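Participant: Can you read through this structure? Questions will come right after.
The values are calculated or read from the model by the stated rules, or taken from the named source; none is laboratory data. Since the model is a prediction, treat every value here as computed from it, not as a measurement. Because the Cβ atoms are built from the backbone with ideal geometry, glycine has one as well, and the counts that use them run over all protein chains shown.
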Amino acid sequence: MGAHLRLLRVLVVAGLLASAMAGCAKPIRHTDVSADAQVVADRMTTGAVMQMASARLTQPIPNRILQPGHLEGRTLTVATTADIVLRPGEVILTFDDGPRAGKTPAILDALDQYGVKATFLMLGSAAKANPALARQVAQHGHTVGSHTYNHVDLGKLSRQAALDEIARGEAAVAEALGNEDLSPFFRFPYLSQTGYLRTTLLQGDMVVLDVDIDSKDYYSDSVAVVTARTLDRLEARGSGIILFHDIHQRTVDMLPGFLAELEERGYSVVRLVPKSSGIFGRSVITAELGGQ
């Protein structure tokens, strides 16, 4: 059976009208990088996020507000990106680029140990290679969204090519999940986006996930360094969406201690879910993806 896409009508129409632009990015290699040699790349990763002031709480939290307690927090049901408003002391855990055999199962074990749920933004290529693992993530109660097919820099593609890459990724993750629900949550690879792409997705009822706290677990740093960096940024900000990747061993190794520290400091992990299941009330069509 050919790959099918549950994609919003406005996305397809916009794609047909898009003007072609030259260039395309290479797929991510997921190799480790050195923290002291990536100033330019880091700026692209963390500086391209388009924040909405009404949906972000940026004041640090006085220590007296946070008290040690149960780490599992509330469930936040959202229909749009603007609905993601966190209270002081709340975090959303997100994992990009998986699923990865030998890594994602250990991530699930750590999350289960603390009774918290995360959002996994899966690559279509990774989900296609590990469909049983993709289903396992959903069956553990976590939210599954998409992250393109090959992790290309969409800002370097033509409009049509970028939309095709998003569509292909969503279709592959949906196919891998089978009867499990795919949410309309999406994150731009490298956080690289254009106003056109972001507006098109938001108008089509996709929920674009930005990043408030980048763990930089893709740097070849020690577990202690990654943990301290992430906690320091969280303490300075007070709440937010945290970016991890379930493809690195250091992330697997640091997660249990990180969750324990969150609990000790009085934070709570918010579960992010779509307002409704299935197609999320989107204006959709089922389109055959040619040339796959």
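Participant: Out of everything in segment 54-73 that is small (Gly, Ala, Ser) and surrounded by 12 or more Cβ atoms within 10 Å (Cβ to Cβ), what residue ends up being modelled with the highest pLDDT?
Facilitator: Applying the first criterion (small (Gly, Ala, Ser)) to segment 54-73 yields 54-55, 69, 73.
Still in the list and also surrounded by 12 or more Cβ atoms within 10 Å (Cβ to Cβ): 55, 69, 73.
Details: ALA55: 43, GLY69: 67, GLY73: 96.
For segment 54-73, the residue satisfying everything is GLY73.
Participant: Further, regarding this structure: If the requirement is being in a loop (DSSP other than H, G, I, E, B), crowded, with 22+ Cβ neighbours inside 10 Å and in contact (Cβ under 8 Å) with a residue 12 or more places away in the chain, which of these qualifies: GLY145, GLY98, GLY141? If you could, list the steps in order and put the result at the bottom.
Facilitator: Values: GLY145 fails: in a loop (DSSP other than H, G, I, E, B); GLY141 fails: crowded, with 22+ Cβ neighbours inside 10 Å.
Just one listed residue meets the conditions, GLY98.
Participant: I'd like to know if segment 220-233 contains one or more residues that are hydrophobic (A, V, I, L, M, F, W, C), touching a residue at least 12 places away in the same chain (Cβ under 8 Å), out of contact with any Cys (no Cβ under 8 Å at 6 or more places or on another chain) and part of a loop (DSSP other than H, G, I, E, B).
Facilitator: No, there is no match, as no residue in segment 220-233 is hydrophobic (A, V, I, L, M, F, W, C), touching a residue at least 12 places away in the same chain (Cβ under 8 Å), out of contact with any Cys (no Cβ under 8 Å at 6 or more places or on another chain) and part of a loop (DSSP other than H, G, I, E, B).
Participant: Step by step: first the residues of segment 110-120, then only those that are in contact with a helix residue (DSSP H, G or I) (Cβ under 9 Å, 6 or more places away or on another chain) and of a type outside the set (Phe, Trp, Tyr), then the one that is surrounded by the most Cβ atoms within 10 Å (Cβ to Cβ). Which residue is that? Break it down stepwise before answering.
Facilitator: The initial filter retains those residues of segment 110-120 that are in contact with a helix residue (DSSP H, G or I) (Cβ under 9 Å, 6 or more places away or on another chain), namely 110-111, 113-114, 116-118, 120.
Those still in the list that are of a type outside the set (Phe, Trp, Tyr) too: 110-111, 113, 116-118.
Values: ALA110: 20, LEU111: 22, GLN113: 13, VAL116: 23, LYS117: 20, ALA118: 25.
In this case the residue turns out to be ALA118.
Participant: Checking ASP214 against (1) touching a strand residue (DSSP E or B) at 6+ places or on another chain (Cβ under 7 Å); (2) over 24 Å from GLU90 (Cβ atoms); (3) of a type outside the set (A, V, I, L, M, F, W, C): exactly one of these is not met. Which one?
Facilitator: Of (1) touching a strand residue (DSSP E or B) at 6+ places or on another chain (Cβ under 7 Å); (2) over 24 Å from GLU90 (Cβ atoms); (3) of a type outside the set (A, V, I, L, M, F, W, C), only one is false for ASP214: (2).
Participant: Restricting the search to segment 181-227, which residues are of a type in the set (Asp, Glu) and at pLDDT 95 or above?
Facilitator: At the first step, the residues of segment 181-227 found to be of a type in the set (Asp, Glu) are 181, 205, 210, 212, 214, 217, 221.
Passing the criteria: ASP210, ASP212, ASP214, ASP217, ASP221.
Participant: Given the conditions (1) touching a helix residue (DSSP H, G or I) at 6+ places or on another chain (Cβ under 9 Å); (2) under 27 Å from LEU262 (Cβ atoms), which single one is not true for GLY178?
Facilitator: Condition not satisfied by GLY178: (2).
Participant: For segment 155-209, give me the residue count where each residue is β-branched (Val, Ile, Thr), over 12 Å from LEU123 (Cα atoms) and assigned to a helix (DSSP H, G or I).
Facilitator: Of the residues in segment 155-209, 2 are β-branched (Val, Ile, Thr), over 12 Å from LEU123 (Cα atoms) and assigned to a helix (DSSP H, G or I).
Participant: Also: How about segment 181-220: which of its residues are touching a helix residue (DSSP H, G or I) at 6+ places or on another chain (Cβ under 8 Å), closer than 15 Å to ILE241 by Cα and of a type outside the set (Asp, Glu)?
Facilitator: Passing the criteria: PHE186, PHE188, LEU191, VAL207, VAL208, LEU209, VAL211, ILE213, SER215, LYS216.
Participant: Right, next: Anything in segment 169-185 that is in contact with a Gly (Cβ under 6 Å, 6 or more places away or on another chain) and either within 15 Å of ASN150 (Cα to Cα) or not aromatic (Phe, Trp, Tyr) (or both)? List them, or say none. Explain how you work it out, then say what you get.
Facilitator: First, pick out the residues of segment 169-185 that are in contact with a Gly (Cβ under 6 Å, 6 or more places away or on another chain): 169, 172-173, 183, 185.
Scanning segment 169-185 gives GLY169, ALA172, VAL173, SER183.
Participant: Separate question: If you take the residues of segment 234-267 that are more than 25 Å from VAL137 (Cα to Cα) and not in a helix (DSSP H, G or I), which of them is farthest from the chain's Cα centre (by Cα)? Steps first, answer last, please.
Facilitator: Going through segment 234-267, the residues more than 25 Å from VAL137 (Cα to Cα) turn out to be 234-238, 264-266.
Next, only the ones that are not in a helix (DSSP H, G or I) stay: 238, 266.
Working: GLY238: 20, GLY266: 24 Å.
The selected residue is GLY266.
Participant: I'd like the residue in segment 167-221 that is closer than 20 Å to ARG135 by Cβ and among the charged types (D, E, K, R) and, out of all such residues, is nearest to the chain's Cα centre (by Cα).
Facilitator: Of all residues in segment 167-221, those closer than 20 Å to ARG135 by Cβ come to 168-186.
Filter again for among the charged types (D, E, K, R), leaving 168, 170, 175, 180-181.
On the way: ARG168: 17, GLU170: 13, GLU175: 19, GLU180: 18, ASP181: 16 Å.
Filtering first and then ranking leaves GLU170.
Participant: Suppose we filter LEU133, LEU86, LEU76 for residues that are under 18 Å from THR251 (Cβ atoms) and crowded, with 16+ Cβ neighbours inside 10 Å; which single one remains?
Facilitator: Just one listed residue meets the conditions, LEU133.
Participant: Hey, another quick one. Restricting to segment 236-272, name every residue that is in contact with a Gly (Cβ under 8 Å, 6 or more places away or on another chain) and among the basic types (Lys, Arg).
Facilitator: At the first step, the residues of segment 236-272 found to be in contact with a Gly (Cβ under 8 Å, 6 or more places away or on another chain) are 238-239, 245-247, 263, 266-271.
Residue satisfying the conditions is ARG271 alone.
Participant: Regarding segment 151-165, can at least one residue be identified that is within 14 Å of the chain's Cα centre (by Cα), at negative phi and at pLDDT 95 or above?
Facilitator: no
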